[in-house]
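To start, the structure under review is shown below, and the notes come after it.
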Amino acid sequence: MVRFANPLYLLALVCIPGYLYLEIVKRRDKRSVLPASRLRILLQISGKKSYWQYLYPGIRALILFFLIIALARPQWGSAQRDFSKKGVDIAIALDVSGSMLALDFMPQNRLGAAVKVAKDFVSGRPNDRFALVAFSEYAITASPLTYDHAAVMHALDNLEVNLEASGTAVGMGLAKSLARLRDSSAKSRIVILITDGVNNTGEIDPISAARMAAAMGVKVYPIGVGSGGMVPFPYPDPFFGTRNIPTLIELDMKTLDEIAKITGTGTAAKAMDENQLRNIMEELDKMERTEFSSSIRYKWEDRFPIFLWLAFILLLLEFFLRSFLMPVLPE
């Protein structure tokens, strides 16, 4: 970008055509000169018209032009774009109780499908912070709230089903996620709660945890995973190896709906296979977006010395031409 700090001086440019008119047209017949250049004499002898008479007025016109431009103070501006964003801090609370080994999300179990979809969700939101909480009969922080998505991905890859768990503490998983978001100052704070079971242990029940979330202004999106009814479940067999035996696994969608209602997110979602789980996460991605705003500012630098130097160089050029090559002397 280019601008002039004193643009009114540019009005003086209209004087240049007037100067050229007076110098070339009006004074042409009044000027008497004696050329000292042999080339000039030969041209006059041969009868050819010399155009050197226009050189000095042209140089002076350029000198005037550059001086006027310098007085107007031209400035070059370099653009700098300032970004501001209102990001989203997200805690993913993922059930790792034994029921997540169920194979109704073939070719992998429920935990494998949830991890895969969660990784895609994280990778698609590079400007947000994530925390990861894993819960079974107790809840642990697998990754604190961070912009380091590689660390979150690594934590997701290392999640394993807790085979020794004797229950599922959904309320504790939600409460631990809220603790990770407690000091967040983000525009929006959300918890994505993924579970396939019923809360049957833990010091904090899911409804109490949901009320804590509502008091903090945190939205909770509960997702129940599981096809329902009898589902294939792997059991170790000392004689025949692992056998997939149909097993009934309960899913408490009523409690998940209540969590969503308390925290203002409507109703809980249910995923009966990996594609449905992916679609749910994609809808969440659309609803909770990071907001960006940007503005452009310019850093201005004066460039008038360039035009002063050009005028000075032309002044030296005229002096050199008059003194050595094409002197013009009065009669």
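So here's what we get for this one:
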{"item": "Identity of the residue in the range 18-33, loosely packed, with under 13 Cβ neighbours inside 10 Å and modelled with pLDDT of 75 or more, that ends up farthest from TRP76 (Cα to Cα)", "result": "LEU22"}
{"item": "Selected residue [at pLDDT below 95, assigned by TED's automatic domain parsing to the domain that holds LEU277, closer than 25 Å to MET287 by Cα and not small (Gly, Ala, Ser)] from PRO107, PRO126", "result": "PRO126"}
{"item": "Candidate set: the range 160-199, residues that are touching a Ser or Thr at 6+ places or on another chain (Cβ under 8 Å) and of a type in the set (S, T, N, Q); chosen: the one surrounded by the most Cβ atoms within 10 Å (Cβ to Cβ)", "result": "THR195"}
{"item": "Subset of the range 202-211 (residues that are touching a residue at least 40 places away in the same chain (Cβ under 8 Å) and surrounded by fewer than 17 Cβ atoms within 10 Å (Cβ to Cβ))", "result": "ILE207, ARG211"}
{"item": "Any hit, the range 126-139, residues being basic (Lys, Arg) and either buried (at least 23 other Cβ atoms within 10 Å of the Cβ) or touching a helix residue (DSSP H, G or I) at 6+ places or on another chain (Cβ under 6 Å) (or both)", "result": "no"}
{"item": "Counted residues, the range 262-305 - those being modelled with pLDDT under 75, more than 19 Å from SER123 (Cβ to Cβ) and of a type outside the set (Lys, Arg)", "result": "6"}
{"item": "Single match in ILE223, ILE259 (criterion: surrounded by 12 or more Cβ atoms within 10 Å (Cβ to Cβ), aliphatic (A, V, I, L, M), in contact with a Lys or Arg (Cβ under 8 Å, 6 or more places away or on another chain) and at pLDDT 95 or above)", "result": "ILE223"}
{"item": "Those residues of the range 1-17 which are out of contact with any strand residue (DSSP E or B) (no Cβ under 7 Å at 6 or more places or on another chain) and surrounded by 11 or more Cβ atoms within 10 Å (Cβ to Cβ), in sequence order", "result": "ASN6, PRO7, TYR9, ALA12, LEU13, CYS15, ILE16"}
{"item": "Pair list, Cβ under 7 Å, 6 or more apart: the range 268-291 residue closer than 23 Å to ASP252 by Cβ, other residue hydrophobic (A, V, I, L, M, F, W, C) and part of a loop (DSSP other than H, G, I, E, B)", "result": "ASP273/PHE105; GLU274/PHE105"}
{"item": "Unique residue being in contact with an Asp or Glu (Cβ under 7 Å, 6 or more places away or on another chain) and either closer than 26 Å to VAL231 by Cα or not assigned by TED's automatic domain parsing to the domain that holds SER188 (or both) when the list is PHE135, PHE121", "result": "PHE135"}
{"item": "Residues of the range 154-200 satisfying the condition of being free of Cβ contacts under 8 Å to residues at least 40 places away in the same chain and either touching a helix residue (DSSP H, G or I) at 6+ places or on another chain (Cβ under 6 Å) or not assigned by TED's automatic domain parsing to the domain that holds MET212 (or both)", "result": "GLY171, ALA175"}
{"item": "Options ILE245, ILE259; residue that is in a helix (DSSP H, G or I), assigned by TED's automatic domain parsing to the domain that holds LEU174 and among the β-branched types (Val, Ile, Thr)", "result": "ILE259"}
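Listed here are the residues, each with its yes/no results for (1) aromatic (Phe, Trp, Tyr); (2) over 30 Å from ILE16 (Cβ atoms); (3) touching a strand residue (DSSP E or B) at 6+ places or on another chain (Cβ under 7 Å).
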{"residue": "GLN75", "(1), (2), (3)": "no, no, yes"}
{"residue": "ILE90", "(1), (2), (3)": "no, yes, yes"}
{"residue": "VAL96", "(1), (2), (3)": "no, yes, yes"}
{"residue": "MET100", "(1), (2), (3)": "no, yes, no"}
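The values are calculated or read from the model by the stated rules, or taken from the named source; none is laboratory data. This structure is a prediction, so every number in the text was calculated from the model and none was measured. Cβ: placed from backbone, ideal geometry, glycine included. Neighbour counts: every protein chain shown.
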